[in-house]
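Have a look at the structure below before the remarks.
The values are calculated or read from the model by the stated rules, or taken from the named source; none is laboratory data. Please read these numbers as outputs of a predicted model, since none were measured by experiment. Note that each Cβ is placed from the backbone with ideal geometry, even for glycine, and that neighbours are counted across all protein chains shown.
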Amino acid sequence: MDERALIFDFDGTVLDTEMPVYRGWADLYAEHGVELDLAWWKSIIGTNDEPDLFAKLEIELGRSIDPSWRDWRRARRDELLHAEAIRPGVLDWLDAADELDIPVGIASSSPIDWVERHLDRLGLLERFACFACCNEVIPAKPDPTSYRLACEALDADPVRSIAVEDSPHGIAAATGAGLFTVAVPHGLTSDLDLSRADLVVASLADVSLAEVLARR
């Protein structure tokens, strides 16, 4: 097994879902006079450790909330999500992988239905050859299993492969699996410690896939 692969994280990396999801919850909390702690939220980015935030709000308020607020929060999240574009440079990297005949996969701490739904909406679903998403078998990051399984599915050597991540937990998973890891932070992760990544760039548009492969 000596093939290379390109493995993307999804949330915050292909599409910035992180800010819309946070804002949806934060706006719900604000509607009830409560602040959702941003520092705490940043600490769980890249995992699936998010608790039942609706129940958490009810506990903080000391009372029940009308269940219709759940629909309100989802509608607010989706409104913000649909305003987001594919992150800069992602399409260029996908095109370059096609030209170089490098298979591309997804390794995510989100469930596969979330990832596939958004990729389909963006017209990107067919650009990815495999999906290693969190479920009862694949643990969330920082566990490296998702990256290892993605490489296995693509018959790729992790040591020769590239990961694209946006968070410390994701970087820990990718480097733990042996991939050369490029960190591309966004608004919620730009001030976090991304030093375990092999390369940190403001945008994938700032560096080509070929340039990164030359470093491997």
Checklist entry - Tell me, which residue of segment 32-86 that is within 17 Å of Gly187 (Cα to Cα) and acidic (Asp, Glu) is surrounded by the fewest Cβ atoms within 10 Å (Cβ to Cβ)? => result Asp37
Next on the checklist: Is it the case, given these coordinates, that Gly105 is touching a residue at least 24 places away in the same chain (Cβ under 8 Å) and either in the same structural domain as Asp193 (by TED's automatic domain parsing) or assigned to a loop (DSSP other than H, G, I, E, B) (or both)?
Outcome noted: yes
Checklist entry - Taking the stated definitions as given, is Ala140 over 13 Å from Val14 (Cα atoms), among the aliphatic types (A, V, I, L, M) and in contact (Cβ under 8 Å) with a residue 60 or more places away in the chain? => result yes
Next on the checklist: Can you list residue pairs whose Cβ atoms sit under 6 Å apart, with the first residue in segment 50-75 being on the phi < 0 side of the Ramachandran plot and not assigned by TED's automatic domain parsing to the domain that holds Pro111 and the second being of a type in the set (A, V, I, L, M) and part of a helix (DSSP H, G or I)? Count only pairs 6 or more apart in sequence or on different chains.
Outcome noted: Arg73/Leu28
Checklist entry - Which is hydroxyl-bearing (Ser, Thr, Tyr) and within 22 Å of Pro51 (Cα to Cα), of Ser146, Ser208, Ser161? => result Ser146
Checklist entry - In this structure, does Arg87 turn out to be touching a Ser or Thr at 6+ places or on another chain (Cβ under 9 Å), among the charged types (D, E, K, R) and closer than 26 Å to Val21 by Cα? => result yes
Item to check | Positions within segment 141-171 being under 13 Å from the mean Cα position of the chain (by Cα) and either surrounded by fewer than 20 Cβ atoms within 10 Å (Cβ to Cβ) or in a helix (DSSP H, G or I) (or both), in sequence order | outcome: Pro142, Ser146, Tyr147, Pro168, His169, Gly170, Ile171
Checklist outcome for this item: Sole miss for Gly187 among (1) modelled with pLDDT of 95 or more; (2) assigned to a loop (DSSP other than H, G, I, E, B) is condition (1)
